[in-house]
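Computed from the coordinates by the stated procedures, all read-outs in this text should not be read as laboratory data. On a predicted model such as this, the values are computed, not experimentally measured, just so you know. Every residue, glycine as well, gets a Cβ built from its backbone with ideal geometry; the counts of neighbours run over all protein chains shown.
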Amino acid sequence: MPGSLGHLTSRFFEVLYAQPLRSEEVLEVESWLGPAQAWLFFSQTTPDQRHGYQAALVARDAGLGPTGMRAALLHDIGKRHARLGVVGRSIASLAIKTRLPLTKRWRLYRDHGLTGATELAALGSEPLVVEFARHHHGDRPPAIPERTWEALQLADQPAKTERKRAVE
Ligand SMILES: [Fe+2]
Ligand SMILES: [Fe+2]
């Protein structure tokens, strides 16, 4: 499932106003990921790259190391298969939440965690990276420690965190 109504609303505006990563941010991402993971990351849309990058910064601020940052960077890579824009994502999310019949692309969007996890596992990604992608809209799996899970969940709310930072 794509997430709660609050999460979806934040993501709507985040997607709408997302700016491409600057050259120095691209270099940072490339330094955090291997070549195959970086290819996946940069195959995402601009809003999803911005979301993953922001999530990695929040994860780092929360005390997570490189593996946690990679989990944050890559958790939504499965979304790119659905090829939905901001309006399409909103409609898909409403359809999922209200249990309407889903089109193929809406099902791809709903299942982006599992799809991304499968791709990341095929690249030999660390278990935390794979398991966070798989479960990030669900419940914490036993393999992810509680503190790590909470930090990654916080990282997956970058719009809220950006607002929080702006008033600090
Ligand atoms: Fe997601
Ligand atoms: Fe996300």
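Seen from R83, the other residues with C-beta closer than 12 Å to its C-beta sum to a net charge of +4, counting Lys and Arg as +1 and Asp and Glu as -1.
Applying a DSSP loop filter and a limit of 16 other Cβ atoms within 10 Å to the trypsin sites (Lys or Arg not before Pro) in region 1-110 leaves R22, R83, R99. Shown in residue order for region 70-85 are the 3J(HN,Hα) couplings computed by the Karplus curve 6.51 cos²θ - 1.76 cosθ + 1.60 at θ = phi - 60°: 5, 4, 5, 4, 10, 5, 10, 4, x, 5, 5, 5, 6, 6, 10, x Hz (x for Gly and Pro). Shown in residue order for region 42-54 are the 3J(HN,Hα) couplings computed by the Karplus curve 6.51 cos²θ - 1.76 cosθ + 1.60 at θ = phi - 60°: 7, 7, 6, 5, 3, x, 6, 5, 4, 4, x, 5, 4 Hz (x for Gly and Pro). Couplings 3J(HN,Hα) for region 111-126, derived from phi with the Karplus relation 6.51 cos²θ - 1.76 cosθ + 1.60 (θ = phi - 60°), are 9, 5, x, 5, 4, x, 4, 5, 5, 5, 5, 5, 8, x, 5, 4 Hz, where x marks Gly and Pro. When the helices of the chain are scored as -39500 (n - 2.57) per DSSP H run of n ≥ 4 and the total is divided over every residue, the value at 222 nm lands at -20500 deg cm²/dmol. If we count every other residue with Cβ under 12 angstrom of T67's Cβ, Lys/Arg +1 and Asp/Glu -1, where does the sum land? After counting each charged neighbour, the total is 0. Kirkwood analysis of the Cα pair distances in the chain returns a hydrodynamic radius of 15.9 Å.
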